[in-house]
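Student: Structure provided below as structure tokens; questions to follow.
The values are calculated or read from the model by the stated rules, or taken from the named source; none is laboratory data. In this text, all values refer to a predicted model and were calculated from it rather than measured experimentally. A quick note on method: Cβ atoms are made from the backbone with ideal geometry, for glycine too, and the neighbour counts reach across all protein chains shown. Ligands, DNA and RNA are excluded from the accessible area calculation, which covers all protein heavy atoms including side chains. Shrake-Rupley method; radii C 1.70, N 1.55, O 1.52, S 1.80 Å.
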Amino acid sequence: MSGNGSGPDAAQWQKLDRRTVLVAALLMSGVAVSGGLPAFVALSSAFGAWTAIGWVLLGAVVFVGCSAGVEYVRWRHTRYRIGPERAELHTGLLLVKRRSLARERIRNVDLTAHPLLRVFGLVKVRIGTGENNGAGTESTLELRPVTRREGDRLRRELLTRSVAGEGGEHHDGRLATLDPRWIRYAPLSVAAPLLGAAAGGAVMQVSEWFGMQMGVIEWVGGVFSGVALVWMVAVLAAALLVAGVIGSLGLFVEMWWNYRLDREPGGTLRVQRGLFTSRSISIEERRLRGVEVVEPLGVRLAGAARVDAVATGLAEGEADKKTDHKTLVPAVPRQFADVAAARVLREPVAPTAARLLPHPVAARGRRLRWALGAVLLGVGFLSLLGVLLTEVLLWVAGGVAVVMLPVAALLAVDAYRALGHGLSGDYLVMRSGSVRRATVALRRDGVIGFTVKQSVFQRRAGLVTVTATTAAGAGAYSVYDAGTSEGLTFADEAVEGVLGPFLQRDPPTP
């Protein structure tokens with residue numbers, strides 16, 4: 001009996017689901033197969049096929065058996081309970097770890113299930129306080145696995161709280177759901193070329209395992225015999241890009257299939273998504289300090305953006321690097337992104353759509369100088385190497401200058417046009433960036449303080465950078481290169497009294 005049902009008293013100790021041993025054995029069997037294949041190829045060339053099969057099977061049996069045994073010991077000596085005041089987890093045989101979290105500090109209960117867990121109706125539950133203490137583990141309890149029913153019960157029990165004073169009954173329930181047309185934005189992200197490069201690397205690695213790498217290289221050389229090197233590189237790059245586009249489409253489907261964004265009773269935003277690996281991510285509204293509308297360059301050119309939460313306790317640990325826990329809405333048409341942001345914030349109009357104050361022309365000059373200077377520095381370095389090593393690098397430096405100088409200038413001007421700041425109701429709104437343009441709407445009551453920076457060059461240009469400090473999101477959001485008076489006035493009006501004593505005001509006229 002696994003003890004995962006909802007019937008037992010919540011204060012009683014309960015065990016994880018015993019099928020974790022079977023899941024571990026099956027997972028390690030897959031690892032054994034993937035590792036055993038190259039091992040078989042290597043051994044068969046030295047000892048023969050039958051001897052290689054015997055050694056590989058023996059190694060696989062030992063590996064899977066030991067893994068299942070370790071998992072059995074972990075299951076046998078792991079227990080948890082949810083009491084009236086604390087959530088507790090005890091685990092370990094020789095070195096017993098006892099950890100607990102106060103229930104009033106629990107801020108997120110996330111459910112994740114890879115395909116094998118889904119087959120057995122199991123989930124991994126991560127219970128966290130939303131704090132990041134450096135180690136990333138003391139503020140989190142991980143139950144893996146429990147039944148889906150038990151995971152849902154834990155999430156409801158630990159997160160459902162009465163929320164007083166939440167104004168408005170609008171936009172409760174379903175806030176957003178997947179539109180299949182959003183998939184068209186997937187190939188426009190930086191993931192496409194990266195996946196293409198990874199596909200090329202995988203082909204070379206697998207061919208090396210089987211001793212066929214030189215054969216693959218010779219085959220490619222034969223296909224492009226008589227073709228100029230430039231065209232060969234262009235065709236191969238295009239092929240890898242196509243592979244990356246296909247991979248990005250598949251990645252989007254796997255990550256965002258069955259996507260739903262809901263506001264649940266008790267004031268919790270819940271994101272559910274995933275085709276093979278299902279994910280359920282919960283964010284308490286009382287932790288929400290605003291939203292960030294993010295527009296990577298490729299996605300922005302298509303008129304789209306995504307929406308991220310600016311909330312306390314969303315620092316990601318090592319286990320979360322492949323899962324963006326702060327994304328509320330994937331890349332969608334920009335107009336819908338603003339609509340979704342308004343629904344999340346319970347506002348009639350999204351603050352991220354507000355008209356912002358432009359920045360002085362001097363800010364454009366700074367961006368042009370930085371962008372062009374960076375390119376010229378690279379060109380100068382290549383030219384120096386060309387003089388010292390080979391004349392080819394001089395031609396490369398010339399090509400880089402011809403291509404990159406106009407690109408850098410365009411990006412600098414675009415970054416200047418993106419600059420803006422303003423106030424919209426209860427929110428500070430700040431926008432900046434070109435390759436990654438971001439518009440942040442941050443609640444005034446979420447601002448801890450302001451940092452004002454002015455370099456020597458900014459002082460000469462009459463510019464200042466004002467940074468709002470908060471305990472949520474990235475921790476700091478900046479208004480870059482605003483006019484000195486406009487930037488200081490913005491900070492003073494955003495949080496009344498914070499900068500007032502430091503502002504120089506003209507004396508009253510007698």
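Student: Tally time: how many residues in the stretch 44-76 are over 39 Å from the mean Cα position of the chain (by Cα), surrounded by fewer than 17 Cβ atoms within 10 Å (Cβ to Cβ) and among the aliphatic types (A, V, I, L, M)?
Tutor: We begin by selecting, within the stretch 44-76, every residue over 39 Å from the mean Cα position of the chain (by Cα); these are 44-55, 57-58.
Now drop any that are not surrounded by fewer than 17 Cβ atoms within 10 Å (Cβ to Cβ), which leaves 44-51, 53-55, 57-58.
This time we only want the ones that are among the aliphatic types (A, V, I, L, M), so: 46, 49, 53, 57-58.
Qualifying residue count, the stretch 44-76: 5.
Student: It is to be established whether one or more residues within the stretch 77-91 are among the basic types (K, R), under 26 Å from R270 (Cα atoms) and open to solvent by 40 Å² or more (accessible area, probe 1.4 Å). Don't jump to the end; show me each part of the working.
Tutor: Just the residues of the stretch 77-91 that are among the basic types (K, R), to begin with: 79, 81, 86.
This time we only want the ones that are under 26 Å from R270 (Cα atoms), so: 81, 86.
Those left that are additionally open to solvent by 40 Å² or more (accessible area, probe 1.4 Å): 81, 86.
Within the stretch 77-91 (the criterion being among the basic types (K, R), under 26 Å from R270 (Cα atoms) and open to solvent by 40 Å² or more (accessible area, probe 1.4 Å)), the answer is yes, since at least one residue qualifies.
Student: Would you confirm whether or not the stretch 135-144 contains a residue that is at pLDDT below 90 and open to solvent by less than 20 Å² (accessible area, probe 1.4 Å)? Give the steps one after another, and end with the answer.
Tutor: First, the residues of the stretch 135-144 that are at pLDDT below 90: 135-140.
Checking which are open to solvent by less than 20 Å² (accessible area, probe 1.4 Å) leaves us with 139.
Yes, some residue in the stretch 135-144 is at pLDDT below 90 and open to solvent by less than 20 Å² (accessible area, probe 1.4 Å).
Student: Is there any pair linking a residue in the stretch 456-468 that is basic (K, R) to one that is open to solvent by less than 10 Å² (accessible area, probe 1.4 Å) and not in a loop (DSSP other than H, G, I, E, B), with Cβ under 6 Å and at least six apart or on different chains, and which?
Tutor: Filtered contacts from the stretch 456-468: no entries.
Student: Which residue, of D414, D445, is closer than 30 Å to V349 by Cα, of a type in the set (D, E) and modelled with pLDDT of 95 or more?
Tutor: Numbers: D445 fails: modelled with pLDDT of 95 or more.
Among D414, D445, only D414 is closer than 30 Å to V349 by Cα, of a type in the set (D, E) and modelled with pLDDT of 95 or more.
Student: Related question: Mind checking whether some residue in the stretch 205-217 is closer than 27 Å to V435 by Cα, among the hydrophobic types (A, V, I, L, M, F, W, C) and in contact (Cβ under 8 Å) with a residue 40 or more places away in the chain? Give the derivation first.
Tutor: Restricting attention to the stretch 205-217, the residues satisfying the condition of being closer than 27 Å to V435 by Cα are none.
Within the stretch 205-217, not a single residue is closer than 27 Å to V435 by Cα, among the hydrophobic types (A, V, I, L, M, F, W, C) and in contact (Cβ under 8 Å) with a residue 40 or more places away in the chain.
Student: Moving to a separate point now. Given (1) in contact (Cβ under 8 Å) with a residue 24 or more places away in the chain; (2) open to solvent by 20 Å² or more (accessible area, probe 1.4 Å); (3) hydrophobic (A, V, I, L, M, F, W, C), where does A340 come up short, assuming only one miss?
Tutor: With (1) in contact (Cβ under 8 Å) with a residue 24 or more places away in the chain; (2) open to solvent by 20 Å² or more (accessible area, probe 1.4 Å); (3) hydrophobic (A, V, I, L, M, F, W, C) applied to A340, the lone miss is (2).
Student: Tell me which residues, restricted to the stretch 176-194, are among the aliphatic types (A, V, I, L, M), assigned to a helix (DSSP H, G or I) and open to solvent by 60 Å² or more (accessible area, probe 1.4 Å). Walk me through how you get there before you give the answer.
Tutor: The first filter runs over the stretch 176-194 and keeps only residues among the aliphatic types (A, V, I, L, M), leaving 176, 178, 183, 186, 188, 190-192, 194.
Subsequent filtering for residues that are assigned to a helix (DSSP H, G or I) retains 183, 186, 188, 191-192, 194.
Correct list: L188, L194.
Student: Within the stretch 298-313, identify whether any single residue is in a helix (DSSP H, G or I), within 17 Å of the chain's Cα centre (by Cα) and either of a type in the set (A, V, I, L, M, F, W, C) or surrounded by fewer than 20 Cβ atoms within 10 Å (Cβ to Cβ) (or both), and answer yes or no.
Tutor: The first filter runs over the stretch 298-313 and keeps only residues in a helix (DSSP H, G or I), leaving 298-301.
Cutting the leftovers down to within 17 Å of the chain's Cα centre (by Cα) gives us 299.
Right, trim to either of a type in the set (A, V, I, L, M, F, W, C) or surrounded by fewer than 20 Cβ atoms within 10 Å (Cβ to Cβ) (or both) and you get 299.
Within the stretch 298-313, one or more residues are in a helix (DSSP H, G or I), within 17 Å of the chain's Cα centre (by Cα) and either of a type in the set (A, V, I, L, M, F, W, C) or surrounded by fewer than 20 Cβ atoms within 10 Å (Cβ to Cβ) (or both).
Student: Here's a follow-up. So which of V464, V407 is more than 29 Å from the chain's Cα centre (by Cα) and at pLDDT 95 or above? Before the answer, list the steps.
Tutor: Numbers: V407 fails: more than 29 Å from the chain's Cα centre (by Cα).
Just one listed residue meets the conditions, V464.
Student: What do you reckon, is L27 under 20 Å from E142 (Cβ atoms), not in a helix (DSSP H, G or I) and not β-branched (V, I, T)? Don't jump to the end; show me each part of the working.
Tutor: Values: under 20 Å from E142 (Cβ atoms): yes; not in a helix (DSSP H, G or I): no; not β-branched (V, I, T): yes.
No.
Student: Residue check: is L249 touching a residue at least 60 places away in the same chain (Cβ under 8 Å), surrounded by 12 or more Cβ atoms within 10 Å (Cβ to Cβ), on the phi < 0 side of the Ramachandran plot and not in a helix (DSSP H, G or I)? Steps first, answer last, please.
Tutor: Numbers: touching a residue at least 60 places away in the same chain (Cβ under 8 Å): yes; surrounded by 12 or more Cβ atoms within 10 Å (Cβ to Cβ): yes; on the phi < 0 side of the Ramachandran plot: yes; not in a helix (DSSP H, G or I): no.
No.
Student: Hey, among R86, R105, R99, which residue is farther than 17 Å from R156 by Cβ, in contact with a His (Cβ under 9 Å, 6 or more places away or on another chain) and not hydroxyl-bearing (S, T, Y)?
Tutor: Details: R86 fails: in contact with a His (Cβ under 9 Å, 6 or more places away or on another chain); R105 fails: in contact with a His (Cβ under 9 Å, 6 or more places away or on another chain).
Being farther than 17 Å from R156 by Cβ, in contact with a His (Cβ under 9 Å, 6 or more places away or on another chain) and not hydroxyl-bearing (S, T, Y) holds for just one of R86, R105, R99, which is R99.
Student: Sticking with this structure for a sec: Which condition from (1) assigned to a helix (DSSP H, G or I); (2) surrounded by 13 or more Cβ atoms within 10 Å (Cβ to Cβ); (3) free of Cβ contacts under 8 Å to residues at least 60 places away in the same chain is the one that G201 breaks?
Tutor: (2)
Student: Continuing with this model, one more query. Name every residue in the stretch 348-397 that is within 36 Å of the chain's Cα centre (by Cα), open to solvent by 50 Å² or more (accessible area, probe 1.4 Å), more than 19 Å from V456 (Cα to Cα) and of a type outside the set (A, V, I, L, M, F, W, C), in order of residue number.
Tutor: Scanning the stretch 348-397 gives P348, R355, P358.
Student: I'd like to check something: does the stretch 51-73 contain any residue that is over 30 Å from R156 (Cα atoms), touching a Leu at 6+ places or on another chain (Cβ under 9 Å) and without any contact (Cβ under 8 Å) to a residue 12 or more places away in the chain?
Tutor: The answer is yes; a qualifying residue exists.
Student: For the stretch 271-280: of the residues being open to solvent by 10 Å² or more (accessible area, probe 1.4 Å) and of a type outside the set (K, R), which is farthest from K124 (Cα to Cα)?
Tutor: Filtering the stretch 271-280 for residues open to solvent by 10 Å² or more (accessible area, probe 1.4 Å) gives 272, 275-279.
Now narrow it down to the ones that are of a type outside the set (K, R): 272, 275-278.
Values: Q272: 14, L275: 16, F276: 14, T277: 11, S278: 10 Å.
Looking at the filtered set, the residue picked out is L275.
Student: Sticking with this one: Only strands (runs of 3 or more DSSP E) wholly contained in the stretch 367-480 count here; list those with 3 or more residues that are touching a helix residue (DSSP H, G or I) at 6+ places or on another chain (Cβ under 8 Å) and closer than 30 Å to R107 by Cα. First the steps, then the outcome.
Tutor: Numbers: elements: 420-424, 427-432, 436-443, 447-453, 463-470.
So the answer is 427-432, 436-443.
Student: So if I check each of L116, L37, which one is within 35 Å of the chain's Cα centre (by Cα), in a helix (DSSP H, G or I) and at pLDDT below 90? Steps first, please.
Tutor: Working: L116 fails: at pLDDT below 90.
That would be L37, the only listed residue that is within 35 Å of the chain's Cα centre (by Cα), in a helix (DSSP H, G or I) and at pLDDT below 90.
Student: In addition: Restricting the search to the stretch 260-270, which residues are modelled with pLDDT of 95 or more and buried (at least 19 other Cβ atoms within 10 Å of the Cβ)?
Tutor: L261
Student: Residues being of a type outside the set (A, V, I, L, M, F, W, C), surrounded by fewer than 22 Cβ atoms within 10 Å (Cβ to Cβ), under 30 Å from V407 (Cβ atoms) and touching a Ser or Thr at 6+ places or on another chain (Cβ under 8 Å): count how many of those fall in the stretch 433-453.
Tutor: Selection size over the stretch 433-453: 1.
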